[in-house]
Amino acid sequence: MSLKLDTRFHCGPTAMRLPVLCHIAGSRSISDDVPMTTFKHITVAPLAASIGAEISGVDLSAAMPDEVWQEIHQAYLDYIVLFFRDQTLTPTDQVNFAARFGPIGKYPFAQPVEGHPDVIAIIKEAHQTSNFGGIWHTDTTYLECPSLGSALYAREVPPVGGDTMWANQYAAYDALSDGLKEMLDGLKLLNSASKNKASLREDHLADGAMKGQDESRMDVQQAFHPVVRTHPETGRKALYVSEAHAVCFEGWTVEESTPLLGYLYEHTRKPEFTCRFSWTVNTLTIWDNRCGLHYPLNDYHGHRRELYRVTIEGDRPV
């Protein structure tokens with residue numbers, strides 16, 4: 001075990017500080033905490049030690065036997081994000097598959113694809129220099145019941161670039177010191193749709209094929225959620241801090257919250273918690289927003305990228 005002295009962290013009228021001696025955690029893999037499942041009906045190839053797996057041996061457009069679905073669902077819980085390459089899917093196929101995970105929800109601030117009210121198109125045109133949601137985040141934390149998960153299907157991708165990264169928030173929580181875990185347990189965080197709205201949504205929606213809706217609601221759409229949430233299916237604790245939407249801790253000012261939030265932002269996306277995926281056309285990716293962050297890279301100016309997204313409705317974080 002390595003030890004180091006901390007810097008004192010004061011915030012609010014009562015001084016609080018982190019423990020003087022802090023354990024420096026090493027990198028962790030999925031197998032450190034979760035017994036790996038044996039799969040008989042699908043092939044599972046982990047993408048990185050902490051998060052992500054490519055799934056093969058299944059056609060998502062075809063009728064799916066229960067035993068195959070049960071293995072896919074278990075892999076989803078084990079690996080947080082799953083990648084299915086070479087899937088020829090209609091929007092209806094995509095919605096039907098996503099609906100196996102939970103009720104279909106709606107993203108509130110973008111118009112759906114014509115004829116498919118449950119699907120939005122995530123598009124960056126070749127002339128655009130901003131991308132939609134281009135910051136580490138988990139989806140729609142400004143809602144009282146944020147998204148359980150998201151299913152994204154690649155229709156057009158650049159020849160190089162346009163990857164997406166994901167980060168395991170079970171691992172991020174587990175790597176914290178006991179003292180910081182104790183401090184964060186019980187804290188709530190204000191999440192607002194108005195934070196970063198210009199850079200993440202409005203500028204992009206105003207200058208491309210994506211069209212916004214109900215954008216005035218961004219200024220009032222907000223919700224408090226726990227900083228540490230317990231996954232309703234696995235029972236495991238995960239950090240639930242979305243840089244795109246987090247404003248301040250409940251009962252704290254923005255100024256008081258900023259230092260600790262800054263530390264958590266950097267911690268949640270440490271390389272050892274992440275995977276990086278290179279898209280190919282006809283890839284379907286589905287991830288768990290309850291315990292994972294994602295970040296779409298914006299490194300493909302001059303090329304078009306189009307993906308269809310379906311939102312899975314979630315419950316209130318606890």
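Any read-out appearing in this document is the output of simple, stated calculations on the displayed coordinates, not a laboratory observation. No experiment lies behind these values; they were computed from the predicted model shown. Because the Cβ atoms are built from the backbone with ideal geometry, glycine has one as well, and the counts that use them run over all protein chains shown.
For the range 36-312, the number of Lys pairs separated by eight or more positions or lying on different chains, with C-alpha atoms closer than 25 Å, is 17. Look at 294, 301 and count the other Cβ atoms within 10 Å of each Cβ; fewest to most, that gives 301, 294. Placing +1 on the Cβ of every Lys and Arg and -1 on the Cβ of every Asp and Glu, with nothing else charged, gives the range 223-318 a dipole about its Cα centre of roughly 340 debye. Using only the alpha-carbon atoms of the range 36-312 as identical scatterers, what base-10 log of I(q)/I(0) does the Debye formula give at q = 0.10 Å⁻¹? Once normalised to I(0) and log-transformed, intensities are -0.50.
Database remark: amide H of residue 156 closer than 5 angstrom to the amide H of 306 (H placed geometrically; neighbours at sequence offset of 5 or more, or on other chains; Pro and chain starts carry no H). Amide H contacts of residue 250: 188, 189, 190, each under 5 Å away and 5 or more positions distant or on a separate chain (H built 1.01 Å from N in the peptide plane; Pro and chain starts excluded).
Net charge in the neighbourhood of residue 314 (other residues with Cβ under 11 Å of its Cβ; Lys, Arg +1, Asp, Glu -1) is -2.
Using the Cβ of residue 226 as centre and a radius below 15 Å, the other residues enclosed give a net charge of +2, where K and R count +1 and D and E count -1. Let me check I've understood the local charge: for residue 94, count other residues with C-beta under 11 angstrom from its C-beta, Lys and Arg +1, Asp and Glu -1. What total comes out? Surrounding charge for residue 94 is 0. Annotation note: chymotrypsin sites (Phe, Trp or Tyr not before Pro) in the range 239-310 located in DSSP loop regions with a Cβ neighbour count of at most 16 within 10 Å are absent. The phi-based Karplus calculation (6.51 cos²θ - 1.76 cosθ + 1.60; θ = phi - 60°) puts the 3J(HN,Hα) values of the range 222-232 at 8, 7, 8, 9, x, 5, 10, 10, 9, 5, x Hz, whole numbers, x for Gly and Pro. Across the range 56-139, C-alpha contacts under 8 Å between residues 6 or more apart give a mean separation that, scaled by the residue count, equals a relative contact order of 20 percent.
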